[in-house]
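Here is the structure we will look at.
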Amino acid sequence: MSPLPALILAGGLGTRLRGVLDDRPKVLADVAGRPFLSYLFDQLQDAGIREVILCTGHRASLIRAEYGDRYANLSLTYSEERTPLGTGGAIRQALGVTEAKEMLVLNGDSYVAADLRHFLDWHDAAGFSGSLLLTWVEDAGRFGTVEASDDGAIRSFREKRGLPEPGWINAGIYVLARRLIEHLRINQPTSLEKEAFPLWLAHGLGGYQVRAPFLDIGTPASLAQAEAFLTGVTA
């Protein structure tokens, strides 16, 4: 398949990191001397991506000041929220800066050490309107779990239960058709996880399952683990 644009959700308020990361958005958290976002950029380049749309909000000017309109071989475009729109609302707004019929979407505060080219190839062959990259964790209590059939079709999403049990979780990386995103309301706060994905199940969602190291920097404890994690998986 031809390269598609990547869209990075980078507008979160980072409320759980207050007191730890007050002077910048989460995606600019310093990890081993580099902003966390730079590791996502490197991963996208390795997958053959050349165009990135950054969905920004909280302290958006700092992200633009850090990167401008280019990072190595990546061209950068910005879709800035004036008021918080949630993950789904941010993606819906970003359609205004691209004509792409399909896009790769990443959460800006997590990293999964998987080969994204394999994920894109799987999605292209499977024929789903949207696909989620799922990864296995031993403690899914913070994330909730996703159930998929043997052919990869997602059957259901289970809310987080706070129990330290293993399972397949949504790793925050998706391929979404434009026609799916167009179902979302314009300029309305919307959650991908709570509203959009359950709505889209009827249109066919696939789950690409891969056992790969996963990191979410949304809490002080997980952010503290980021340097050791990324040094290990990107060395």
Does region 135-154 hold any residues that are over 12 Å from PHE197 (Cβ atoms) and of a type outside the set (Gly, Ala, Ser), and which are they? THR135, TRP136, VAL137, GLU138, ASP139, ARG142, PHE143, THR145, GLU147, ASP150, ASP151
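In region 160-178, which residue that is touching a strand residue (DSSP E or B) at 6+ places or on another chain (Cβ under 9 Å) and surrounded by fewer than 21 Cβ atoms within 10 Å (Cβ to Cβ) is farthest from PHE119 (Cα to Cα)? Step through it out loud before you land on a result.
Here is the first cut: in region 160-178, the residues touching a strand residue (DSSP E or B) at 6+ places or on another chain (Cβ under 9 Å) are 160-161, 165-178.
When the remaining residues are screened for being surrounded by fewer than 21 Cβ atoms within 10 Å (Cβ to Cβ), the result is 160-161, 165-167, 177-178.
Working: LYS160: 25, ARG161: 28, GLU165: 25, PRO166: 22, GLY167: 19, ALA177: 15, ARG178: 18 Å.
Among residues in region 160-178 that are touching a strand residue (DSSP E or B) at 6+ places or on another chain (Cβ under 9 Å) and surrounded by fewer than 21 Cβ atoms within 10 Å (Cβ to Cβ), the one farthest from PHE119 (Cα to Cα) is ARG161.
Which residues, taken from region 26-59, are without any contact (Cβ under 8 Å) to a residue 40 or more places away in the chain, closer than 23 Å to LEU116 by Cβ and not small (Gly, Ala, Ser)?
Filtering region 26-59 for residues without any contact (Cβ under 8 Å) to a residue 40 or more places away in the chain gives 28, 30, 33-35, 38, 41, 45, 59.
Restricting the remaining residues to those that are closer than 23 Å to LEU116 by Cβ gives 28, 34-35, 38, 41, 45.
Result: LEU28, ARG34, PRO35, PHE41, GLN45.
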Inspect region 143-154 for any residue being modelled with pLDDT under 95, under 17 Å from the mean Cα position of the chain (by Cα), closer than 30 Å to ALA32 by Cα and not β-branched (Val, Ile, Thr) and give the result as yes or no. yes
Can you name the strands (runs of 3 or more DSSP E) wholly within region 60-119 that have at least 1 residues being in contact with a helix residue (DSSP H, G or I) (Cβ under 7 Å, 6 or more places away or on another chain), without any contact (Cβ under 8 Å) to a residue 40 or more places away in the chain and under 28 Å from THR219 (Cβ atoms)? 74-80
The conditions are (1) within 26 Å of TRP136 (Cα to Cα); (2) small (Gly, Ala, Ser); (3) crowded, with 23+ Cβ neighbours inside 10 Å, and ALA94 fails exactly one of them. Which is it? (1)
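Please determine whether any residue of region 113-134 is closer than 30 Å to ASP22 by Cβ and not aliphatic (A, V, I, L, M). Please lay out each step first, then the result.
Within region 113-134, the subset closer than 30 Å to ASP22 by Cβ is 113.
Cutting the leftovers down to not aliphatic (A, V, I, L, M) gives us none.
So far as region 113-134 goes, no, none of its residues is closer than 30 Å to ASP22 by Cβ and not aliphatic (A, V, I, L, M).
The values are calculated or read from the model by the stated rules, or taken from the named source; none is laboratory data. What you see is a predicted model; the values in this text were computed from it and never measured. All Cβ positions, glycine included, derive from the backbone under ideal geometry; neighbour counts span all protein chains shown.
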